[in-house]
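The structure appears right after this line, and notes come after that.
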Amino acid sequence: MVKAIMHGCNGHMGRVISGIVENDANIEIVAGVDPFDNGANKYPVFPSIGECNVEADVIIDFASASAIDALLDYSASRQIPVVLCTTGLSEAQLAKVNETSKKVAVLRSANMSLGINLLLKLVKEAAAKLCDEGFDVEIVEKHHHLKKDAPSGTALALADSINEEMNEKYHYIYDRSTKSEKRDCLEIGISSVRGGNIVGDHDVIFAGEDEVVTFSHSAYSKAVFGKGAVSAAKFLAGKPAGLYNMQDVIG
């Protein structure tokens, strides 16, 4: 049985993960960390990570960027691996993630969904077969109207996965309205749609002469990210120091 600390337990994703873990016989949450607590959790909740004195095998983090430095220090000093799901980290914090991973296992990924991480692997394999045959690559991502950043981090991760396979020869185009010219064969177009309550849709299009191959992923709720985080926690418990990602989880 994996014992986990839920960092950010009373946020939306913290509550989602708590619900998922309740129905999983292989993992339990033994403590939570959140500055706001109404006493509804079945485990003890501490206002800060430094005050948590419960023994655990892994930490699942879905909190805020402002809490990450203290979390990383705690993880390293207590030698508890951490699944880092919080986004929007600064360059200094990303550097600290890398330094911390030399002391304790840290798993960080652009998207915690198992399906998206399988998609990252599949589009990389497709690029190896199709791009040298002249197929153009386009990515279309759709999210709810409250999402502030565009393109999404997942769309950029998909583009990076393809570009890595093709020896970084592509450049990215986010807006074609400012130029009127033929499409460059060495570009990846990334288009963003914002509207309604779309959780997250991503299409990767390989368009060739007389045929089109499209890879698609749709998230219908944020539970997919919670399920991925729980799978990552079970994977990371007991792992040696190092920087891991969801590609390691899916094998």
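The values are calculated or read from the model by the stated rules, or taken from the named source; none is laboratory data. Being a predicted model, the structure only gives us computed values, none of them experimental. When we count neighbours, we look across all protein chains shown, and the Cβ atoms used for this are built from the backbone with ideal geometry, even at glycine. To get the accessible areas, we keep the full protein, side chains included, count just its heavy atoms, and leave off ligands, DNA and RNA. Shrake-Rupley method; radii C 1.70, N 1.55, O 1.52, S 1.80 Å.
Points to keep in mind about this one:
- Helix-only CD estimate at 222 nm, as mean residue ellipticity for the chain, using -39500 (n - 2.57) per DSSP H run (n ≥ 4): -10000 deg cm²/dmol
- Volume in Å³ per residue [convex hull over Cα atoms, computed for the chain]: 144 Å³
- Folded to 0 to 90 degrees: helix 12-22 orientation relative to the chain principal axis, Cα: 70 degrees
- Rounded to the nearest 5, the antiparallel percentage of DSSP beta bridges internal to the chain is 35%.
- Sorted from greatest to least, the principal axis extents spanned by the alpha carbons of segment 1-124 come out as 45, 31, 25 Å.
- The chain, accessible surface, carbon-and-sulfur percent (1.4 angstrom probe): 51 percent
- Sum of side-chain charges, ALA155 neighbourhood, beta-carbon under 13 Å (Lys, Arg +1; Asp, Glu -1): -3
- Within the shell defined by Cβ-Cβ distances under 10 Å, the residues around THR86 carry a net charge of 0, with Lys and Arg each +1 and Asp and Glu each -1.
- Residue-count net charge about ILE198 - beta-carbon cut-off 15 Å; Lys, Arg +1, Asp, Glu -1: +1
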